[in-house]
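Structure first, then comments.
Read the figures in this text as sums done on the coordinates, not as results from a lab. Quick caveat: nothing in here was measured; it's all calculated off a predicted structure. Because the Cβ atoms are built from the backbone with ideal geometry, glycine has one as well, and the counts that use them run over all protein chains shown.
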Amino acid sequence: MEMSGQHRILAPRQTVWEALNDPEILKLAIPGCEEIEKTSDTAFTAKVKLKIGPVSAKFAGAVSLSDLDPPNGYTISGEGKGGAAGFAKGGAKVHLDEDGGATILRYEVQAQVGGKLAQIGSRLVDSTAKKMAEDFFGKFSAAVGAPEEAEAVPEAITEAPEVRGLSPMVWIVGLIAIVAVLLMIFAV
Amino acid sequence: MYDFNYHRPKSIDEALSALSSASDGKLMGGGQTLLPTLKQRLASPSDVVDLSAISELSGITEQGGAIVIGAGTCHAEVAGNASVQSKIPALAALAEGIGDPQVRNRGTIGGSIANNDPAADYPAALVGLGATVKTNMREVAADDFFTGMFETALADDEIVTAVSFPVPEKAGYAKFPNPASRYAIVGVMASKGPAGVRVAVTGAGQGGVFRVSAMETALAGHFSAEALTGVSVPADDLNADLHASAEYRAHLVGVMAKRAVDAAG
Amino acid sequence: MPSVSMTVNGKAVTGEVEGRTLLVEFLRQNLNLTGTHVGCDTSQCGACVVHVNGKSIKACTTLAVQAEGAEIITIEGMATNGDLHPIQAAFKEHHGLQCGFCTPGMVMSAADLLQRNSNPSEPEVREWLEGNICRCTGYQNIVKAIQAAAQAMRG
Amino acid sequence: MAETGIGASVRRKEDNRFLTGKGRYTDDINRLGQAYAYFLLSPHARAKINGIDTGAAKQAPGVLGVFTAADLAADGVGGPICGWVVTQKNGEPHKSPAVSALASDRVNYVGEQVAVVVAETLTQAKDAAELIEVDYEPQQAVTKMKASLAKGAPQLHDDVPGNLCFDWEIGDKAAADAAFAKAHHVTKIDILNNRLIPNALEPRAAIGEYDSGTDSSTLYTTSQNPHVARLVLAAFMGLGPENKLRVVAPDVGGGFGSKIYVYRDEIVTLWAAKKLGRPVKWTAERSASFLNDAHGRDHDTHAELAVDKDGNFLGLRVSTLANVGAHNQIFSTATPSYLYGCLLAGQYKTPAVYGEVKTVFTNTAPVDAYRGAGRPEATFVVERLVEKTAREMGIDRTELRRRNFIQPEQFPYQTPCLVQYDSGDFPLLLNRGMEVIDYAGFPARRQASASRGKLRGLGLSCWVEACGLAPSAVVGALGGGVGQWESANIKFNPTGSVTVFTGSHSHGQGHETVFAQIVSEHLGIPVESVEVVHGDTAVVPFGMGTYGSRSGPVGGGAVYKAAQKIVEKGRKIAAHLFEASVEDVEYANGTYSVAGTDKTKTMAEIAFAAYVPHNYPLDELEPGLDETSFFDPMNFTFPSGAYFAEVEVDPDTGQVTILDMVGIDDVGTVMNPMIVTGQLHGGFAQGIGQALYEQCVYDDDGQLLTGSLMDYCMPRADNLPSFKTEETNQPCPHNPLGVKGCGEAGAIGSPAAMLNAVVDAIGVDIDMPATPEKVWRALQSRAQAAE
């Protein structure tokens, strides 16, 4: 599945950047996030426990960075394993841009769900993944401080002067959370 | 399935006590969603609290202008109940179309709405008829009860005890089922009554059941299928899967809404 | 392990089970009543249909402990003194079965239908069988058999 | 004995046990001390396996053993095999990659068996399987055929360059090209034949057992052909020798082809039982069946028909890509080649036919024979093309077919596609079908539907199939690994009852009844006195099993021949008892007599005398009344039919409702009309399932999206109408019973009839399955085009 989106966060880019590095804020954005661990400069692991509908499962994930291109962004890829439930893996191209005093976060995700998740729950894969991404960024945006702006974001984005790159932690957790939410696709 | 401790309380208090003493307890109505999930090892609750032996959760009564259905009432009982059939035939018909006869003999209204599957039928009935959900703690309007895909306003220690349906002047339900699972690809409940004119759609929305205000406005003028001509829902936020794209679902919402209004008579 | 007691085909039975033991597992493994079959793992096929307290249910989607104190009838309990139940006899007469795997569930499901509706129309029978999949017969002779059984049972 | 003989609708002998819950399917069998196997399946469609850590699993409670490919390789155990060598255009044999008994260094489809856990309980085995750590290195998968053949595509097997299994042709290309050069009209069509999942209702299962005292093994399994399974297990998997291996296929809950093959789980279960010294039971969960039972169909075809100005067919060219999945199975090369290409002439005298087929490996489950196996695909190509031609040329579709039919007096008819049709009367089938469906009244019915806002369509399919897989010499010449005769042994017991042992195997077809009818007819005893035994290599003679509608024409032929031998042996015994010469003894309806006398002996009396005589000429006549026979017909047999479907489409939703389905069949002699009709009904349901409901969908990464009955739509009772069937039977001239086979007919003829009806209703070509959204979109596109 492929999905893309963008969120306009009413906070300066530096604030967003710091928030993305703040485990406490990330834990607020991701229900069930139990731990995040940096294993190298470009690799991380995390654990998430989610309960959705009748489904409840623990996921362990690993994420690595590639195509580092400060300040424009990078590609991250990762995989989350959910035991008997299967796996999810994917990559995301991430951009963080200034927009006046706000920050625009754009993402293009390619994700693959495998094993029992894909086999039994195909009816809800797409909508669940979209919901997950939106939930995560909605909560994250709110947590960063300023009220979320609901209107659509203009397509034209002002040129970003400097971005050192987005913290991978958000993507570790984001990917794992997507994996975990995909679990709920099974229901009869 | 992973093993668990099984409880079969006789009262709501006993159920709450079993739930609170469990490290990771799960309430079970008819089990028609939970058990298949457990069989696939997609959940591992420490305890399963079976609500089926709680007598206060069962039964269908007429109270004033409403039909009150106990949370533990199975779909077959709702479908076959004389009061429901005479006062809200659309609700009886909806219950008769859930799953298959064996699922209807076990699945319960309380379990269905607490699960809030985005393709389940009952959420459309509750929202489309302006029902009120009664729990061990409070009463919640259906509009506030369903908060998102598989999400409800229920607290962790809250148990649905009954659903109260105001008797409408007219109501109809039309469903386009998934041919394999028989879940709703699109299901529309349209009604006119004490809760106003309502059009509720299940199966199509990513966040579960939703109301279509444009259709409600059109029907408020004249409650007829013709009034819906030209009124459509955007495909943007609708579900897409193997069986139906978002665009097709959007189209079906229009078709099923007209059929629901026709069925309302 | 919890102990569970129920009446199966008129006989009182008791067994040790786990909380997670399914009714169909209890019937097949503890009681050796292997006529109740398992054809899927998502509650669609209906090969496992039995009666619990007079209603047809899917024994693969019911815990054994949920049947505590219940009256269970399985396919093995349908014939009496060696005489086929009218539904069984009609399935044979009208060739309502081929490989036989879905048959027990079909018969049990049909029995529930006929106790609710003694004279079902063809569409009513077909709709009732929504939860029972047959891969062999194309259903036509099953439908015919159920209608013939209804007639025989009405006398 | 006419009341129980051939032609009578004898009620089935097997039904009492099935109806009372006393059937004995593999999973109903429990052996003392049995352990349980659970297979760990790959969640990846394509990955390298860098290592498998079974350490934690081996330590888990109740675990008796955890095994991987290395353990099986160490014991020399082989994997699934291909049973048919197809010679390619270039003269080389097809490519058949080596397949191990469990996935070894790589996986090539989701659901491929990677490891097995055997434990005291099934739950313990499943728990332990979660502890196995497989170090997968996922790689890009390829699931679509064209992508798999493209340059730079992922390569599934080191020994199969370009993922091409074979590139094969049939017919005369030059003749076909010449026909097109002079054509007045050419109809072209692109067709997808949707991939299907068989889903016999009984999931596959196996119990392996080893007896160290006799050093022998037994495999109880859900097989359509236990002797072939034993042969394959002994010859290719190293699990013999055959005298130490017994394969039992007890009651089997449907097969439809999917239970022909010897699967990895059966191999491993049998091996593990010996390894552990315990009976080992394995039963598939339906979720696993979806992933690794052999799938069916999956063709992508371009076809063209050249026609002269009068509508006479001049030539047919067909080019097909067929998906074989990740590796070959027993019939996976035969199905899209000979079982497909040989039927491309259909019922027509098209003089020049050329077909070419490329089969392609992809990261999907193996594809093999499924009810009809190649013949539904051929019928679909021909009948969709003919229907389209009629539409394009403005000729009534029945008239166009009639002009091109092979005529009744032309049989036997040599087609341009290798085979020679035995008998048939195609115009008769068509004419009768038109009467039953009321073809003439269709325009009025269509008008009536239109007045209700519905679109009505009528479609037909005039088809012919080849069945009764037998002629061993032919099969061998075409690359078949083994001959395809069938065996039967009839044993008269001393007190007059009979046991028939057959190499055929019944998994729903009713052999216990029909073969008893053959015996009843020819030996004059009631069917109640005849027991038919099948499915156990320890007791029945070597036989080939049941597939390709071969039990009637081939297995039945063997029973018939054995019965004739019994009659002849009985004649000798009677002659002795009568003190007459053999030539003077007459036989009729179970009774021997001497012409011109009142001396008679019943078959029962003869049997008694055969076993326990006081005065028996042992030097001249052996005691006993027990004869074995084999039957290997000269040719395939060619059932045919004309099927009509009438549907109504709701333009608001695209929903198709079947209003009528008529099947007029020529299946040769009908031995039991009730059973034949039942077989046809079942075939219709499967064919309609393909046309309207069923489709196997993999995503581009090789994940199976239709992996449960919640998404793979099996037809239910309320999806189907009551069918109308009739037979107009032309006996097969080259088997003694005149039967042609009926097991696959319904599934072969009905998809084309049903889809033609939908296309007729909506006026736009679409692919199967004609799901509501697909139909709705087709109507939208037609409306747009009209604007």
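For peptide B:26-37, the mean count of partner chain Cβ atoms within 10 Å of a residue's Cβ comes to 6. The share of Cα pairs per 10 Å bin across segment B:1-49, counted from zero up to the longest distance, runs 28, 55, 17, 0 percent.
Among beta bridges identified by DSSP and lying wholly in chain D, the antiparallel ones come to about 80 percent. The calculated FRET efficiency for D:E120 paired with C:S5, based on their beta-carbon distance and R0 = 22 Å, is about 0.25.
Using bins of 10 Å that start at zero, the share of Cα-Cα pairs per bin across the protein assembly as shown amounts to 2, 8, 16, 21, 21, 16, 10, 4, 1, 1, 0, 0, in whole %. Could you name the lysines whose alpha carbon sits less than 17 Å from that of D:K244, not counting residues in the same chain fewer than 8 places away? Those lysines meeting the cut-off are D:K274, D:K275.
Report the full-extension gain for the segment D:A175 to D:L428: residue separation times 0.36 nm, less the Cα-Cα distance, to one decimal in nm. Each step should come with its number before you reach the end.
On the way: separation 253, 0.36 × 253 = 91.08 nm, distance 3.04 nm.
Extra length from D:A175 to D:L428 when fully extended: 88.0 nm.
Between D:E130 and D:A448, the distance separating the two model label sites (each 7 Å from Cα on the Cα→Cβ line) works out to 6.0 nm. Considering only Cα-Cα distances, which of the following residue pairs are longer than 26 Å: C:K55/C:K144; C:K92/D:K565; C:K58/C:K144; A:K81/D:K95? Pairs exceeding 26 Å: C:K92/D:K565; A:K81/D:K95.
At R0 = 30 Å, how high is the FRET efficiency between D:A473 and D:K244 if r is their beta carbon distance? Nearest 0.05 is fine. Working shown, then result.
Values: r = 32 Å, r/R0 = 1.06.
The computed FRET efficiency comes out at 0.40.
If I take all pairs of Cα atoms in chain C, what percentage of them are more than 20 Å from each other? Roughly 46 percent, rounded to a whole number. Please give me, ordered by residue number, the chymotrypsin sites (Phe, Trp or Tyr not before Pro) of segment D:667-728 that lie in loop per DSSP and have at most 11 other Cβ atoms within 10 Å. Of the chymotrypsin sites (Phe, Trp or Tyr not before Pro), not one in the loops of segment D:667-728 has a Cβ with at most 11 other Cβ atoms within 10 Å.
At an R0 of 22 angstrom, the distance between the Cβ atoms of D:S722 and C:A152 translates into a FRET efficiency of 0.65. Above 17 Å, the calculated P(r) of segment C:60-150 contains 49 percent of its Cα-Cα pairs. Taking label points 7 Å from Cα along the Cα-to-Cβ direction, C:T14 and B:D236 give a separation of 6.6 nm. Using the structure shown, select from B:K175/D:K454; D:K22/D:K126; A:K93/A:K131; D:K259/D:K281; D:K48/D:K281 the pairs with a Cα to Cα distance greater than 24 angstrom. Long pairs (Cα-Cα over 24 Å): D:K22/D:K126; D:K48/D:K281.
Gap in Å between the Cα centre of segment D:575-643 and the Cα centre of segment B:57-82? That distance is 72 Å. List the lysines whose alpha-carbon lies under 26 Å from that of D:K188, not counting same-chain residues fewer than 8 positions away? Within the straight-line cut-off, D:K188 pairs with D:K89, D:K144, D:K146, D:K173, D:K309, D:K349, D:K358, D:K388, D:K774.
Take each peptide in D:637-648, D:297-308, count the other Cβ atoms within 10 Å of every residue, and average; sorted highest first, the result is D:637-648, D:297-308.
Across peptide D:674-686, the mean count of Cβ atoms from other chains lying within 10 Å of each residue's own Cβ comes to 5.
The three principal axes of the Cα atoms in segment D:640-782 give end-to-end lengths of 53, 34, 25 Å, sorted in falling order. Each Lys or Arg adds one and each Asp or Glu subtracts one; over the other residues with Cβ under 15 Å from the Cβ of D:A369, this totals 0. For chain C, relative contact order (Cα pairs under 8 Å, six or more residues apart, normalised by length) works out to 24 percent.
Classify chain B from the C-alpha gyration tensor, please: rounded if a/c falls under 1.5, else prolate or oblate depending on whether a/b exceeds b/c. Could the numbers behind the result be given before it?
Details: a/c = 2.05, a/b = 1.49, b/c = 1.38.
Since a/c reaches 1.5 and a/b is larger than b/c, the shape of chain B is classed as prolate.
You can think of it this way: the chain between D:D619 and D:F411 has 70.0 nm of extra reach, that is 0.36 nm per residue less the Cα-Cα gap.
May I ask you to list the trypsin sites (Lys or Arg not before Pro) in segment B:91-175 that are in a DSSP loop and have at most 13 other Cβ atoms within 10 Å of their Cβ? Each step should come with its number before you reach the end.
Values: sites: B:R104, B:R106, B:K134, B:R138, B:K170, B:K175; in loops: B:R138.
The qualifying sites are B:R138.
Charge dipole of the protein assembly as shown (Cα centre as origin; +1 on each Lys and Arg Cβ, -1 on each Asp and Glu Cβ, all else neutral): 1280 debye, rounded to the nearest 20. Across segment D:533-651, Cα-Cα pairs farther apart than 22 Å form 54% of the total.
Cα gyration tensor of chain D, axes a ≥ b ≥ c as square roots of the eigenvalues: rounded (a/c below 1.5), prolate (a/b > b/c) or oblate? In terms of gyration-tensor shape, oblate.
Calculate log10 I(q)/I(0) of segment B:170-264 for q = 0.25 Å⁻¹, where I(q) comes from the Debye formula with a single equal point scatterer on each Cα and nothing for solvent. The Debye formula, applied to the Cα set alone, gives -1.28.
Label zone of D:K182 (point 7 Å out along Cα→Cβ, amide N under 14 Å): in segment D:337-359 this covers D:351-352.
Restricting the calculation to alpha carbons of segment D:354-488 gives Rg and Dmax of 19.5, 60 angstrom. Taking only the C-alpha atoms of segment D:420-507, the Rg (one decimal) and the largest Cα-Cα distance, Dmax (whole number), read 23.8, 71 Å. Each label was represented as a point 7 Å from its Cα along the Cα-to-Cβ direction; for C:E71 and D:S216 these points are 5.0 nm apart.
3J(HN,Hα) along segment A:124-139, derived from phi through the Karplus expression 6.51 cos²θ - 1.76 cosθ + 1.60 where θ = phi - 60°, amounts to 10, 4, 4, 5, 5, 5, 5, 4, 4, 4, 5, 4, 4, 6, x, 5 Hz, with x in place of Gly and Pro. Each residue of segment D:251-260 was assigned a 3J(HN,Hα) from its phi angle through the Karplus curve 6.51 cos²θ - 1.76 cosθ + 1.60 (θ = phi - 60°); the sequence is 4, 10, x, x, x, 6, x, 5, 10, 6 Hz, with glycine and proline shown as x.
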